[in-house]
Amino acid sequence: MRRCRTRTAWILAAALLPLLAAPLRAVQEEPEVRVIVDNPRPASDDIVRLTYSFTGPGVGGSLRAPAELPLKNLVVVGGPNTSTQISFMNGQLSRQASLTYFLRPSGPGPAEVGETTFKVGDKDVKAGAYLLEVGTARRSPGPGPGPGPGIAEEDPFGRMPLRGGSRRAGAERSLPAEEPILAFVATPSKDASYVGEEVTITYELVTQAEVQGIEYVEAPQFPGLWAEDLERSDRPQARRDTWEGRPVARFTLLKKAVSGLTPGSVTLPSAKIRIGVRVAMDPFGDPFAMLRPRVLERETRPLTLKILPIPGRPDFKGPVGQFGVSTTVDRRSIPAGEAVTLKVRLAGSGNLRTATEMPQLSIPGVKVYPPTSRTLPPRGAAKGGASAEWDFVVVPADPGKLVIPSVSFEVFDTVEKKLVVKHSEPITLTVEAAAPQPVAPAGTAAAAAPAAGNGSEASTTLPGVPPTPTPFPSAGDLARTTVQVPLWALIGGPVLLLAAGGAAWALFRRRAHALGPAGALLLAEPGETKERAVARIERAIREHLARRTGVSETAPVSTLLDELADRGVAPALREEIRQLLSQADFLRFAPQLGDYTAEISRLRERTRTVLGRVRVRKSA
């Protein structure tokens, strides 16, 4: 009997457990309510449909409406009609309930549905207020007396038969069934632009319906234009707006920056998307409409952009927009013969991709190496303006004051609509006399020579402490007591080692002498920056190639390689030189987020190896 009661208790507990868990899940989330008005700008003789939509746990049978709505310039002529929807998706049960009222304006002017409190279970849920603007009547009143208030409340739309089977004359009117707004629009920031001037095209979904999904049927196309994404989101965020006087939600699907390549007119074809939406429930139509999402297609209108030529310079290939030029150097004082890096920066708003020409810099009596460059266009919401940078390596030969002249760019200003020249400020450097190379004193070298050639050890005697003699066995004793090694091998081994060391030292000296001044540039300086180390390596490459082959020190890389080919440098060696210059360019602009000491050391060693193989092929 006891076992039977225990089993009954367990069965009862198992049956009650889901019932106890349901209220616990229900309190984990708060119900939400939305206020939906089908026509916020009705005429004074229209009927307005007001719907409160509730979602979340606890809605349904426990939903209770207030005794009356707080209305201004509106009266209730029908409702509330109640509907409940239950769905089961991804293993979760959700409920949605709605209360629909039918309101009639009292007259033209402002109207308002005030903040309303509903009971959902034992919780109070507040719905926000909603403002309307009532216009004048669309239709003139018909002849004869109108129906009394009681009739209007019984049949607000004239859909139900009145007493006696008759229908009043005005009862044939019903609420205009307005389709929810659903549009796909493309909006350019301007309809006409100059060649190279950027235009932003925004693709948006404008909707009053609940969107379930979007896919492109025909993606946007930009024939005859340069185009790049500015914004593209997989989960676009809605923002409130109005469309034709009605409240809507706007979703930005794509932002594109485009610019014309040649003068003329460019037509962008329509873009088409497929949209899944849920429509509001019609209490007098299909009550299950919300359970069946509709799939609709919308497309943009074709866009025509007019591309204007640059006034007076149809072939202009420079920057287009508003830009400024600035120059900086890595140091203001340098010894003669040392390198300084000059950074030229062009920054502002507009299009730099048309700027194909590099700035020109020439200083009499000063070596100016061709610049390396990079362009940083803006992207998305974080854009702070486009910029381009060029790094020149400048090597003054004579001490004194050195003035680096201003650098200029020709820019088409889209505000002034004309070509303007932008200048940087000149920079003055102090060039000091080169420091003399340290030379070892002659006395020190002379004193070291006898010590190196003396067979006896040098000893140091401390005052007051007699030296301690250390006996060493002779070579014959050492051979007899240890390993039997021939005396000629014992004597010849050190001689061979000295000979090998001397040969290696001679090879190193010959190699260093062969590199000449380039060898000094490949030695690391104390505390040098990454940019300065790389600039010295590149300078060593160019100076050594010029000395060995006669090529130009300041020629661009492509011209330099062509000159090496004309002088008989093998293709494999030319490729290695190109890789050296490319790696130097990469390290110069590498971000300052790590330690590049090892990379620079490897570049130095590789440079020594490659430059040591540079030979001019003798012509037959």
Exercise for review: Calculate the spin-label point distance for Thr554 paired with Leu573, positioning each point 7 Å from the Cα along the beta-carbon direction, and give it in nanometres.
Suggested key: 2.7 nm
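Would you mind working out the magnitude of the charge dipole of region 320-432 relative to its Cα centre, with +1 at each Lys and Arg C-beta and -1 at each Asp and Glu C-beta, to the nearest 20 Debye? All intermediate terms of the calculation are to be shown ahead of the outcome.
Details: 13 positive and 11 negative charges, 81 e Å.
It comes to approximately 400 debye.
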Study note, to complete from the structure: Here the gain from full extension of Gln212 to Thr136, 0.36 nm per residue of separation minus their alpha-carbon distance, amounts to 23.6 nm
Practice item. Grab the Cα-Cα distance for Glu244 and Met358, subtract it from 0.36 nm times how many residues apart they are, and report the gain in nm with one decimal. Key: 36.0 nm
Point to revise | Lys306 paired with Lys272, simple spin-label distance in nm, labels 7 Å along Cα-to-beta-carbon | key: 3.1 nm
Review point. Would you list Thr597, Thr607 from fewest to most Cβ contacts within 10 Å?
Key: Thr597, Thr607
Practice item. Pairs to check: Lys306/Lys343; Lys256/Lys417; Lys317/Lys343; Lys256/Lys418; Lys256/Lys306; Lys72/Lys126. Give those whose C-alpha atoms are more than 28 Å from each other in this structure. Key: Lys306/Lys343
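So if I place +1 on the C-beta of Lys and Arg and -1 on the C-beta of Asp and Glu, and nothing else carries charge, what would the dipole magnitude of region 512-611 be about its Cα centre? I want it in debye, nearest 20.
200 debye
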**Study point:** Dipole of region 320-432, positive direction: furthest Cα of Ala386, Leu361, Gly400, with charges on the beta-carbon
**Key:** Ala386
Study note, to complete from the structure: Taking R0 as 30 Å and r as the Cβ-Cβ distance between Val185 and Lys126, the FRET efficiency 1/(1 + (r/R0)^6), rounded to the nearest 0.05, comes to 0.30
Point to revise | Likely footprinting exposure, Phe102, Phe54, Phe586, fewest C-beta neighbours within 10 Å first | key: Phe586, Phe102, Phe54
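Between Leu419 and Glu228, 0.36 nm times their residue separation minus their Cα-Cα distance comes to what?
On the way: separation 191, 0.36 × 191 = 68.76 nm, distance 2.53 nm.
Here the segment from Leu419 to Glu228 would lengthen by 66.2 nm.
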Exercise for review: Going by C-beta contacts inside 10 Å, put His423, His544 in order with the fewest on the left.
Suggested key: His423, His544
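Rule-based calculations on the coordinates, nothing more; no lab input. In this text the structure is predicted, and so the values were computed from the model without any measurement. Positions of Cβ are generated from backbone atoms using ideal geometry, with glycine treated the same way; all protein chains shown enter the neighbour counts.
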